[in-house]
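Since the structure comes first, as structure tokens, the remarks are kept for the end.
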Amino acid sequence: MKGYAGKITYVDLSSGKIWNDAVEEAFARKYLGGSGFATRVLFDRVPKGADPLGEMNAFILCTGPVSGTLAHGSGRGGIVTKSPLTDYFMDSYFGGEFAAALKQSGRDMLVILGKSSSPVFLFIDNDEVKLVPAEDLWGLSTKDVQDKIRERCGRYVSVVCCGPAGENLAPIACCISGRRAAGRGGTGAVLGSKNLKAIAVRGTKDVEVADIKGMIKFYHDKKENFLGLKALRELGTPFLVKFINEKGGLGTLNWQQESWEKAKNLYAEEFIQKHMLRSWACFACNMGGCTRVVRAISKSSTVTEGPEYETLFALGSNCGVDDRDKIIETDRLCDDYGIDTISYGGCIGFLMECYEKGLITKDDTGGIDFSFGNGDTLVQCTHLVAKREGIGNFIALGVKAMAEKIGRGAEKFACHIRGLEPPGHSARALKSMALGYAVSPRGGSHHDTRPGPEYQMDPEARAKTEGKAQIAYNTSNWAVIGDSMIVCHFCEGVYGVTLTENHVNLLKLVTGWDLSLKELTEIANRIHALKRSFNCREGLRRKDDRLPYRFMHERIPSGSSKGLGITPDELQRLLDEYYQLRGWDSEGIPTRETLNKLGLTDVEINA
Amino acid sequence: MRYVAFDVNRCVGCQICQLVCSGTWEKVFNPFKAKLRIEQTEWYGEFEAHICHNEDDPECVKVCPTGALYINEKTRIVRLKKDKCDGCGECVEACPYDAIFVHPEVIHVYKCDLCGGGKIQQCVEACPQDALSVKEVAS
């Protein structure tokens, strides 16, 4: 079977048992790979009500048929698990070269079950899989642990690891691979809960595709599409700070406003001119290095990779911090400790507003000044979150849990969707994103529904609800196929922002299959239905498909999207439309008929 | 001397050169079966390229005990006769550019031969950064 390694490795940390399952063609054609494969295994392996930080949760590392090939943006890998931050389904993707290494080791996927009794790391050396004691690695930063593992296992080893924040079970902890983050939903804490510090892979096997000549030609034919993404190529994701600020959708001061005068200090050009060392690209990406390595000008001279747009929004405008050096320092510390910068910035911004409104004082914060704009607080609290000390132990829980504990109206400005802090794409300025967040299997993620199409519209068109459910449906179909192939979502410029013949053609070159666009859309529907079924089995219903109070009850107060917002009625109408498109009932549960039609006859939601 | 030259200021480490190289000549995607290698040795460091320079009187040819490595008289490019190579690794040790590679499952070594010395070099064509180019140095 071309495009696939044909093997899934299971590791049960409780028993130490390691075994392989073959990937059958029927399974591959049904679930495609990546997110599709992993969602099926998660649904089958993780029972209803399992504690995300307990022995029953699974931690799944996945690749797709496209991983390890020359296809544009094929360097991404995925982590799929049940989230300790949301208690629902979670998948988080990361760049670098780990996915290619895992595929080259002869595996499509790695499923980690159970819990080790003492710290270990998993070392995969092509066919060999072994658990290695890791007491000496426990407590190390994500950089140091990767250095140590390379010293021990050789330089051609790719690593996924958690940092101290994950070891200490912070629900906002992420995983790091190389210098890239699988940021969202607390995957680092799941790794920590399993006493598994890292997974190291050395893979030197071939990746075979159906039509290799055709793939090289496809690469050359599409090369210019990427080269055309001038802004992303030259400035990286930070180009979005200016773009989105001018659109009036840049979350600022905990989303009290969505445009910001001081944002100009965070524009990409500032980083390029004053901080940039070099560009860096993921495996097989011809974008030209959308990531930049930068250095702080201040005494710390901190070097970091990024900060990406989402980090500039979360740590910057959302916290009112325009000090680039403080953001660079915080970004690096978050990477070293393994903390998700989006959730972390969401948490600090929320506490800053609590502080501003007098709901918390220095007595609660251990003397730390939580005024908006305080960059030192941003830096200082990373240490406390990683160690779970003082106010850091509180921040580590995420916005939802903090708001519940603070009470007294704090929930009215607690910005999260099912516990996941939203990224920097406005739900009020982009109606398809509002719906997308509400129905996202992950909660506040911009990687289910995609914001691209609505950014092309003027505010008047964006204010309308008509057609927005269709946009959410179409873009989330592409996103889930992108996450299953797996290709980077920035490849929208190459392949399209909805499913297109490009995706069909690429899959044909890789697998040799003659899939139609209709069949590919059916696979997307199937994976969405399965993710939804996982969440519904956990108890998720229509009432949980909601947005933060602020997004639905306060309009954007200023900027070019002034007056835009989304009312509860509008959201309900969009939900009706979306459920209908997906074949879900009025409670948002996939109907028996829909499941059967998609070949999910064995999926039981009320089991 | 004709060889693929590398511009450290342009490379971003995408490994597309290695993928196209192995895809073209080995019919598989495998950066470890490419005839050149790009590496980042330090955490935030620059990239370095390991590519054969096709010197006029190269050490690799001198140390090769089986005669697998030889100089093509017409193109002056160092070529490899795969079936003669027993993978002893003498050339790997001798190469001043660290530009000869071994794969754990393959007997013969890998080294750049400018795609046979023809007009088109696959890696140069494919590099999205124009970090690779063919350089000719008078000997």
Counting only residues in the range A:203-257 that are outside any loop (DSSP other than H, G, I, E, B) and among the basic types (Lys, Arg), the one nearest to the other protein chains (Cβ to nearest Cβ) is identified as A:Lys223
Within the range A:185-202, restricting to residues that are within 29 Å of A:Val510 (Cα to Cα) and crowded, with 22+ Cβ neighbours inside 10 Å, the one that is farthest from the other protein chains (Cβ to nearest Cβ) is A:Ile199
In the set B:Val8, B:Val28, B:Val12, the lone residue that is of a type in the set (Val, Ile, Thr), within 11 Å of chain A (Cβ to nearest Cβ) and surrounded by 22 or more Cβ atoms within 10 Å (Cβ to Cβ) is B:Val12
Taking first residues from the range A:77-96 that are in the same structural domain as A:Arg107 (by TED's automatic domain parsing) and second residues anywhere that are among the acidic types (Asp, Glu) and not in a strand (DSSP E or B), the pairs with Cβ under 7 Å that are 6 or more apart or on different chains are A:Gly78/A:Asp483; A:Asp87/A:Glu538; A:Tyr88/A:Glu538; A:Asp91/A:Asp483; A:Tyr93/A:Asp483
Exercise. Going by the conditions given, is A:Val160 touching a residue at least 40 places away in the same chain (Cβ under 8 Å), in contact with a Leu (Cβ under 9 Å, 6 or more places away or on another chain) and away from every other protein chain (no Cβ under 14 Å)?
Worked result: yes
Filtering helices (runs of 4 or more DSSP H) wholly in the range A:428-467 for at least 3 residues that are in contact (Cβ under 8 Å) with a residue 24 or more places away in the chain and either small (Gly, Ala, Ser) or assigned by TED's automatic domain parsing to the domain that holds A:Ile342 (or both) gives A:431-439
Exactly one of A:Arg573, A:Arg542 is more than 26 Å from the chain's Cα centre (by Cα) and either modelled with pLDDT under 95 or among the charged types (D, E, K, R) (or both), and that residue is A:Arg573
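Every residue, every condition in (1) basic (Lys, Arg); (2) more than 24 Å from A:Gln104 (Cα to Cα), yes or no:
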| residue | (1), (2) |
| --- | --- |
| B:Ile51 | no, no |
| B:Cys60 | no, yes |
| B:Arg76 | yes, yes |
| B:Val92 | no, no |
| B:His108 | no, no |
| B:Gly116 | no, yes |
| B:Glu125 | no, yes |
| B:Glu136 | no, yes |
Within the range A:61-76, residues out of contact with any Asp or Glu (no Cβ under 9 Å at 6 or more places or on another chain) and either part of a strand (DSSP E or B) or without any contact (Cβ under 8 Å) to a residue 60 or more places away in the chain (or both) come out as A:Leu61
From the option list A:Thr511, A:Thr475, A:Thr465, single residue qualifying as within 23 Å of the chain's Cα centre (by Cα) and modelled with pLDDT of 95 or more is A:Thr475
Residue check, B:Asn72 at positive phi, more than 14 Å from every other protein chain (Cβ to nearest Cβ) and not basic (Lys, Arg):
no
Of A:Gly452, A:Gly444, the only residue that is modelled with pLDDT under 95 and either surrounded by 22 or more Cβ atoms within 10 Å (Cβ to Cβ) or touching an Asp or Glu at 6+ places or on another chain (Cβ under 7 Å) (or both) is A:Gly452
Given the conditions (1) in contact (Cβ under 8 Å) with a residue 60 or more places away in the chain; (2) of a type outside the set (A, V, I, L, M, F, W, C); (3) under 16 Å from A:Thr252 (Cβ atoms), every one holds for A:Gly373 apart from (1)
Being out of contact with any Cys (no Cβ under 7 Å at 6 or more places or on another chain), within 24 Å of B:Val20 (Cα to Cα) and surrounded by 13 or more Cβ atoms within 10 Å (Cβ to Cβ) narrows B:Glu48, B:Glu105 down to just B:Glu48
Scanning the range A:85-95 for residues that are part of a loop (DSSP other than H, G, I, E, B) and buried (at least 24 other Cβ atoms within 10 Å of the Cβ), the one farthest from the other protein chains (Cβ to nearest Cβ) turns out to be A:Tyr88
Requiring at least 2 residues that are of a type in the set (A, V, I, L, M, F, W, C), the helices (runs of 4 or more DSSP H) wholly within the range A:499-607 are A:501-511, A:517-537, A:549-553, A:568-582
Exercise. With respect to B:Leu19, is the statement that it is surrounded by 16 or more Cβ atoms within 10 Å (Cβ to Cβ) and away from chain A (no Cβ under 14 Å) true?
Worked result: no
Checked A:Arg428, A:Arg388 against criteria (more than 15 Å from A:Pro451 (Cβ to Cβ) and either under 18 Å from the mean Cα position of the chain (by Cα) or basic (Lys, Arg) (or both)); the one match is A:Arg388
Counting only helices (runs of 4 or more DSSP H) wholly inside the range A:269-383, the ones holding at least 2 residues that are more than 14 Å from chain B (Cβ to nearest Cβ) and crowded, with 19+ Cβ neighbours inside 10 Å are A:324-337, A:341-356
Open item on the list: Can you confirm whether A:Val494 is more than 23 Å from A:Ile417 (Cβ to Cβ) and under 23 Å from the mean Cα position of the chain (by Cα)?
Closed with: yes
Inset, instruction - Could you tell me whether any residue of the range B:47-54 is within 12 Å of chain A (Cβ to nearest Cβ) and among the β-branched types (Val, Ile, Thr)? - result: no
Filter the range B:100-132 for residues that are on the phi > 0 side of the Ramachandran plot and of a type in the set (A, V, I, L, M, F, W, C); the one that is farthest from the other protein chains (Cβ to nearest Cβ) is B:Leu114
Residue pairs qualifying under the 7 Å Cβ cut-off, at least six apart or on distinct chains, with the first in the range A:395-407 being under 15 Å from A:Leu359 (Cα atoms) and assigned by TED's automatic domain parsing to the domain that holds A:Ile342 and the second being outside any helix (DSSP H, G or I) and of a type in the set (Gly, Ala, Ser), are A:Val399/A:Ala414; A:Ala403/A:Ala414
When A:Gly166 is run through (1) modelled with pLDDT under 95; (2) surrounded by 24 or more Cβ atoms within 10 Å (Cβ to Cβ), the failure sits at (1)
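The values are calculated or read from the model by the stated rules, or taken from the named source; none is laboratory data. Owing to the predicted nature of the structure, the values given are computational and were not obtained by experimental measurement. Cβ: placed from backbone, ideal geometry, glycine included. Neighbour counts: every protein chain shown.
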